[in-house]
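Visitor: Mind looking over this structure? Questions follow.
Derivation of every value follows stated rules applied to the coordinates shown; laboratory data play no part. Owing to the predicted nature of the structure, the values given are computational and were not obtained by experimental measurement. So basically every Cβ, Gly included, is an ideal-geometry build from the backbone, and we count neighbours across all protein chains shown.
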Amino acid sequence: MRRFTIAATGAVLALGLAACAGGGAGSDGSTAEESGEGGLIGVAMPTETSERWIADGNAVKAGLEEAGYDVDLQYAADDIPTQQQQIDQMITKGADLLIVASIDGTALSNQLQAAADQGIPVIAYDRLIRDSENVDFYVTFDNYAVGHQQATSLLAGLGVLTEDGSDGDATGPFNIELFAGSLDDNNAHFFWQGAIDRLEPYIEDGTISVPSGQTEIEQAATLRWSQETAQKRMEDLLTSTYSDGTELHGVLSPYDGISRGIITALQNDGSGPTIPEGLPVVTGQDAEIGSVKLIDEDVQYATIFKDTRKLADQAVIVAQAFLSGEEPEANDTESYDNGVKVVPSFLLVSDVVYKSNYYDLLLETGYWTEAQVASGQS
Ligand code: BGC
């Protein structure tokens with residue numbers, strides 16, 4: 001829990017600076033909280049089954065509350081009608097602004113229209129909301145770069161590259177399989193494209209191949225990013241393609257929950273318990289504590305760290321700007337076309353986590369503690 005306090009403090013500091021720069025403080029220098037100019041902000045999150053969304057929700061709530069706002073934080077158990085209802089209720093309760101991490105990015109047009117009709121700004125959080133002109137801003141990571149990093153970490157695990165991205169000694173040929181996220185999540189497409197663009201030259205020159213032939217995102221997709229679904233697909237791939245003794249060397253996985261499903265299937269099939277003992281290289285995303293433990297134990301090879309504290313801070317800064325009648329600062333106004341318009345965005349940078357650098361990235365920064373890594377529990 002300690003890290004949420006740190007995140008909140010960061011947000012307040014950032015807001016303090018933003019207020020000074022933008023003239024948002026009261027004439028006596030008072031903050032929003034002191035002058036009581038807050039309001040109600042609805043925060044809609046997809047699910048509590050993945051740690052990252054709990055961290056996101058807590059950090060956004062703490063940051064907004066520190067800045068003087070009331071917060072209605074809701075999780076929708078990955079159920080689309082539930083999320084629609086929660087947002088409807090936030091609007092009914094008089095929310096002044098909405099921050100939404102969607103489940104299905106195409107399913108919220110009615111809610112966003114209702115928000116627009118009442119002049120309520122909407123910030124898409126981490127996941128782009130599609131097919132609506134009523135998305136005012138998008139805070140996220142550079143999702144294409146995340147996919148690129150995932151493929152880089154796979155190539156590093158195979159020895160084709162080194163961890164710093166330079167050429168490694170291994171020449172292959174290597175057999176890999178590909179997993180993608182949930183197709184209704186816009187991010188899944190960006191992660192996939194970034195990864196495929198990175199892998200393509202190595203597929204073309206024969207360094208790596210995909211023996212199952214399942215190289216389309218539709219074939220590789222995992223509805224709702226489900227660990228069980230991924231485990232089942234990996235089991236099916238092992239039966240269909242590897243039961244004749246064909247070796248599997250690596251698996252591109254876009255999310256730590258999916259990675260753990262893949263690893264379970266591989267271990268049940270008799271692959272080594274660790275990578276040095278024969279387990280294929282498996283990538284990931286989110287630096288979930290269970291996966292950081294597996295990285296420490298040489299079971300999962302890598303993950304991607306997206307610092308949810310920074311994303312939450314950014315959402316708070318953008319909310320504050322809207323509610324002070326200012327234009328939030330975007331650093332990307334080209335990449336995120338939601339089908340109706342290009343949504344102004346603020347993109348943050350992610351890092352690849354290996355066994356060699358998780359201490360610096362995750363422990364030194366207070367994201368996880370050593371005890372949490374040892375136990376694998378948050
Ligand atoms: C997020 C990832 C996360 C995935 C599954 C994506 O939209 O960007 O960080 O791994 O959802 O929750």
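Visitor: Quick one: Karplus J couplings for the stretch 247-262, per residue in order, coefficients 6.51, -1.76, 1.60, θ = phi - 60°, nearest Hz, x for Gly and Pro?
Guide: 8, 10, 9, x, 9, 7, 10, x, 7, 4, x, 4, 4, 5, x, 4
Visitor: Let's test the formula: R0 of 41 Å, r as the Cβ-Cβ distance of GLU364 and ASP131. What FRET efficiency results, to the nearest 0.05? Mind showing how you got there, number by number?
Guide: Numbers: r = 42 Å, r/R0 = 1.01.
In this case the efficiency is close to 0.50.
Visitor: How high is the FRET efficiency from THR171 to SER378, r the C-beta distance, R0 30 Å, rounded to 0.05?
Guide: With a Förster radius of 30 Å, E is 0.15.
Visitor: Rounding to the nearest 10 and keeping the result within 0 to 90°, find how far the Cα-based axis of helix 186-204 lies from the longest principal axis of the chain.
Guide: 30
Visitor: To continue, here is another question. Which angle between 0 and 90 degrees, to the nearest 10, do you get for helix 80-92 versus the longest principal axis of the chain when only C-alpha atoms count?
Guide: 10
Visitor: Still on this structure, I have one more. Got a sec to turn the phi values of the stretch 358-371 into Karplus ³J(HN,Hα) couplings, 6.51 cos²θ - 1.76 cosθ + 1.60 with θ = phi - 60°, whole Hz, x for Gly and Pro?
Guide: In residue order, the calculated couplings are 5, 4, 5, 6, 10, 8, 4, 8, x, 6, 10, 9, 4, 5 Hz.
Visitor: Right, another one. Taking 7 Å along the Cα-to-C-beta vector as the label spot, tell me the ASP88-THR239 distance in nanometres, rounded to one decimal.
Guide: It is 4.1 nm.
Visitor: Could you check which residue among ALA180, ALA315, ALA114 shows the biggest mean-square fluctuation in a GNM of the chain with a 10 Å Cα cutoff?
Guide: Among ALA180, ALA315, ALA114, the largest GNM mean-square fluctuation belongs to ALA114.
Visitor: Now for a different question. So how far apart, in nm, are the two label points at VAL349 and ASP164 if each is 7 Å from Cα heading toward Cβ?
Guide: In this crude spin-label approximation the distance works out to 1.7 nm.
Visitor: Order by neighbour count: ILE103, ILE196, fewest other Cβ atoms within 10 Å first, most last. Working shown, then result.
Guide: Values: ILE103 25, ILE196 19.
In increasing order of surrounding Cβ atoms, one gets ILE196, ILE103.
Visitor: Angle check, please: helix 143-158 long axis (alpha carbons) against the longest principal axis of the chain (alpha carbons), in degrees 0 to 90, nearest 10.
Guide: Around 30 degrees separate the two axes.
Visitor: A further question on this structure: How about the stretch 82-135: which trypsin sites (Lys or Arg not before Pro) there lie in a loop by DSSP and see at most 11 other Cβ atoms within 10 Å?
Guide: On the way: sites: LYS93, ARG127, ARG130; in loops: LYS93, ARG127, ARG130.
Loop-located and lightly packed - LYS93.
Visitor: Applying 1/(1 + (r/R0)^6) with R0 = 35 Å to the Cβ-Cβ distance of ILE203 and ASP296, what FRET efficiency is obtained, to the nearest 0.05?
Guide: Working: r = 31 Å, r/R0 = 0.88.
According to the calculation, E is roughly 0.70.
Visitor: Something else about it: GNM on the chain, C-alpha springs below 10 Å: top fluctuator among LEU128, LEU347, LEU252?
Guide: Per the Cα network of the chain with a 10 Å cutoff, LEU347 tops the list.
Visitor: Using the Cα centre of the chain as the reference point, and only Cβ charges (+1 on K/R, -1 on D/E), how large is the resulting charge dipole? Debye, rounded to the nearest 20. Intermediate values should be presented prior to the final figure.
Guide: Details: 18 positive and 60 negative charges, 103 e Å.
Taking the Cα centre of the chain as origin, the dipole is about 500 debye.
Visitor: With N set to the number of residues, divide the alpha-carbon radius of gyration of the chain by 2.2 N^0.38 Å and report two decimals. Don't skip to the end; give the middle numbers.
Guide: Details: Rg = 21.4 Å, N = 378, 2.2 N^0.38 = 21.0 Å.
With N residues counted in the chain, Rg over 2.2 N^0.38 Å equals 1.02.
Visitor: Just THR229, THR152, THR246 to compare: in a GNM of the chain, with alpha carbon springs under 10 Å, which one fluctuates most?
Guide: Checking each option, the largest mean-square fluctuation is seen for THR246.
Visitor: Under 16 Å from the Cα of LYS306, which aspartates and glutamates turn up, not counting those fewer than eight places away in the same chain?
Guide: Correct list for LYS306: GLU51, ASP56, ASP126, ASP142, ASP256, ASP286, GLU288, ASP351, ASP360, GLU364.
Visitor: Further question: Under a 5 Å amide H to amide H cut-off, with H placed in plane at 1.01 Å, what residues pair with VAL353 once short-range neighbours are removed?
Guide: THR303, ILE304, PHE305
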